[in-house]
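Novice: The structure that follows is given in the form of structure tokens.
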Amino acid sequence: MPAATLDAFLNSYLGPPDELRSAVVATVRQLTQAATKVRNTINQGVLGTAFAGTRGANADGDVQKDLDIFADDIFLDAMRQAPVAFYASEELEQPVLLDGQAHLAIAIDPLDGSSNIDTNVSIGTIFSLLPATGAPDGNPAASFLQAGVNQLGAGFFIYGPQLALVLSLGSGTHVFVLSTRLGTFGQAYESRIIPQRTQEFAINAANYRHWDEAVRLYIDDCLEGTEGPREKDFNMRWIASLVADCYRILMRGGVFLYPGDQRKGYRQGRLRLIYEANPIAYLIEQAAGAATDTITRILEIEPESLHQRVPMVFGSAREVARITRYHTEPSAIGERAPLFSRRGLFRA
């Protein structure tokens, strides 16, 4: 039976006394308190004091909204109360040293989906928990330059019709929803499993002309539907909110693509490896899905810089594997017969 509450789940994870696990549990509890504060502000909308106004650009060149900064301040303050050594955020150029003796480093996107703030679409907070490795040569970023396979846990909060927490601490991906009646997070889904196959994909089709040929061919084949090589109809979804697209895939399957493309600044994709791609990949893999940069497993990539970007494909494992084959060995995709090609026997 699922644990009744998040507290019960965390207590079960804690088990016998263990400093590292105790630090993880304490940090997750602080994160939930901070997320509740952010949710309360979001619920006020434009009537609140921090909403969709802009502040310029963050360290990586993206436009900052007032709510981005507000959320970052809330989570940073919360982590000062947690056993966290280093705090790295999308909104900060360099990590912050909080407690050099603590066991954890946290990488966070305080408010994912900022472009949707004023349209009342679901947004969220993504986080990655890593073992703190110290700061050699005084470099606080060192703890974050480790592959995603080293994560101790990962999750995201989604501020939608419900405030939900999607969390994995290495034993499945679990979903908790804040109950206003109980005043705590209750477990809604235990150990989500993403179907291996799917007929739904998420991509920003407006960028079609900029994609590499492998991505165009994959989407072309899906759009051909029952008359094409896939011999089935596909649905297309694109919310432009990573947490919302990921939540949908965890609930009913699908595949998400944010490839690199030919535009200036997009060759290496736009998602950040450390505080977006790695935690999402961790959650997806713990739910029996897969996540790649179109070819390489996301969790095996060694980061070179704090705000490094990466292309990303994730979701139903068989579909992710198929997309890799479009990039590495398209001739091995047997059903791509010439008559189905856009330049094949029946097409000009």
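Novice: So, with +1 on the Cβ of K and R and -1 on the Cβ of D and E, and no other charges, what is the size of the charge dipole of the stretch 151-232 about its Cα centre, to the nearest 20 debye?
Specialist: It works out to roughly 460 debye.
Novice: OK, next. If you bin the C-alpha pair distances of the stretch 177-312 every 5 Å from 0, what whole percents do you get?
Specialist: 2, 9, 17, 20, 20, 15, 9, 5, 3, 1, 0
Novice: If you put +1 on each Lys and Arg Cβ and -1 on each Asp and Glu Cβ, how big is the dipole of the stretch 192-347 around its Cα centre, in Debye rounded to 20?
Specialist: Roughly 300 debye for the stretch 192-347.
Novice: In addition: Treating the angle as unsigned and between 0 and 90°, give the value, to the nearest 10°, between the Cα long axis of helix 19-44 and the longest Cα principal axis of the chain.
Specialist: 80 degrees
Novice: Suppose all protein chains stay in the model; what accessible area per residue would a 1.4 Å probe give for the chain, in Å²?
Specialist: 43 Å²
Novice: Checking the a/c ratio against 1.5 first, then a/b against b/c, what shape does the Cα gyration tensor give for the stretch 136-252?
Specialist: Judged from the Cα gyration tensor, the stretch 136-252 comes out oblate (a/c at least 1.5, b/c at or above a/b).
Novice: Counting only protein heavy atoms, what percent of the accessible surface of the stretch 177-289 is carbon or sulfur at a 1.4 Å probe?
Specialist: 45 percent
Novice: About its Cα centre, how strong a charge dipole does the chain have in debye, to the nearest 20, once Lys and Arg get +1 and Asp and Glu get -1 at the Cβ?
Specialist: Approximately 900 debye in magnitude.
Novice: Pop out the carbon and sulfur fraction of the accessible area of the stretch 73-139 as a percent, whole number, probe 1.4 Å.
Specialist: 42 percent
Novice: Right, here's the next one. Find the centroid of the Cα atoms in the stretch 278-324 and in the stretch 186-249, then give the distance between the two in whole Å.
Specialist: 15 Å
Novice: Taking only the alpha-carbon positions of the chain and ignoring solvent, what does the Debye formula give for the base-10 log of I(q)/I(0) at q = 0.11 Å⁻¹?
Specialist: Calculated log10 I(q)/I(0) at the listed q: -0.72.
The values are calculated or read from the model by the stated rules, or taken from the named source; none is laboratory data. Bear in mind that the values here come from a model prediction, so they are computed numbers and not experimental data. Positions of Cβ are generated from backbone atoms using ideal geometry, with glycine treated the same way; all protein chains shown enter the neighbour counts. Each accessible area value is taken on the protein alone, full model and side chains, heavy atoms only, with ligands, DNA and RNA left out. Shrake-Rupley method; radii C 1.70, N 1.55, O 1.52, S 1.80 Å.
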